[in-house]
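Note sheet for the following structure.
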């Protein structure tokens with residue numbers, strides 16, 4: 001464990017308070033409609049993770065586990081799972097689900113993701129959904145690198161701060177997010193690659209945002225599929241247009 005400076009400690013407290021306060025509320029209703037396009041991204045992420053799983057061996061860490069559902073859903077595909085989150089209320093809820101489903105190979109703990117109690121090189125896979133941009137990026141990446149096995153992989157879905165229109169929308173809806181969260185900028189991507197030189201990045205959600213108004217229509221799935229296909233071309237990692245993306249998948253390797 002390392003000693004954190006006062007600004008980082010205050011940030012942790014603010015994050016904890018916000019997530020405890022908003023758990024079970026409609027605080028994110030104004031932006032939740034945009035997550036209707038994420039099904040294809042989540043499928044890509046699942047495929048990345050499933051390809052890396054070793055069912056009888058994998059020790060899996062859910063980094064910022066929230067209500068615990070992701071870890072619970074893959075409990076039969078791993079040897080051991082641990083979920084950590086800063087919110088006591090979310091962890092309490094996750095633990096109640098373990099009892100409800102009688103799951104024995106998973107534990108949940110209240111813990112600061114930037115300063116965990118785990119040993120060096122403890123996990124085969126670390127996964128997080130929109131968590132890194134809530135943290136001090138350098139601290140959490142250093143911690144992830146410490147607790148990840150040398151041949152392990154980390155998988156994260158994170159928002160980007162590189163599309164000016166999306167950036168403006170965030171400024172207009174401040175109550176939908178914590179005061180300290182910072183979607184990833186180009187300099188943050190550079191930092192990630194400095195700490196994890198073997199990083200792969202996949203860019204998503206530019207044209208697919210146009211499908212949001214159709215989310216309750218029968219044609220939604222078809223429209224989303226077409227726009228997702230076009231995004232695959234436009235947001236290719238070698239394309240300068242990739243920075244128009246709203247979201248990315250990070251695959252971190254030492």
Handout entry: Helix axis angle, 39-52 relative to the chain longest principal axis, alpha carbon, degrees
Key = 40
Handout entry: Nitroxide proxy distance, nm - points 7 Å out along Cα→Cβ at residue 20 and residue 185
Key = 3.1
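Please give the peptides 215-223, 152-160 ranked by average Cβ packing (other Cβ atoms within 10 Å per residue), highest first, as a rough proxy for protection.
Most protected by this proxy first, the peptides run 152-160, 215-223.
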Practice task
Could you point to the label whose value was computed as log10 I(q)/I(0) by the Debye sum over Cα atoms at q = 0.07, 0.09, 0.13 Å⁻¹ for the structure here, given (1) -0.24, -0.40, -0.88; (2) -0.19, -0.33, -0.72; (3) -0.32, -0.49, -0.87?
Solution key: (1)
Handout entry: Extension reserve of the residue 54-residue 88 stretch, reckoned as 0.36 nm per residue once the Cα distance is removed
Key = 9.2 nm
Exercise for the section: Arrange the peptides 181-194, 67-80, 198-211 so that the one whose residues have, on average, the most other Cβ atoms within 10 Å appears first. Expected result: 198-211, 67-80, 181-194
Handout entry: Antiparallel bridge percentage (DSSP; both residues within the range 6-252; nearest 5)
Key = 35
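Values quoted throughout were computed directly from the atomic coordinates according to the rules given, and no laboratory measurement underlies them. Given the structure is predicted, the values throughout are model-derived calculations rather than measurements. Heads up, the Cβs are rebuilt from the backbone with ideal geometry, glycines too, and the neighbour counts pull from every protein chain shown.
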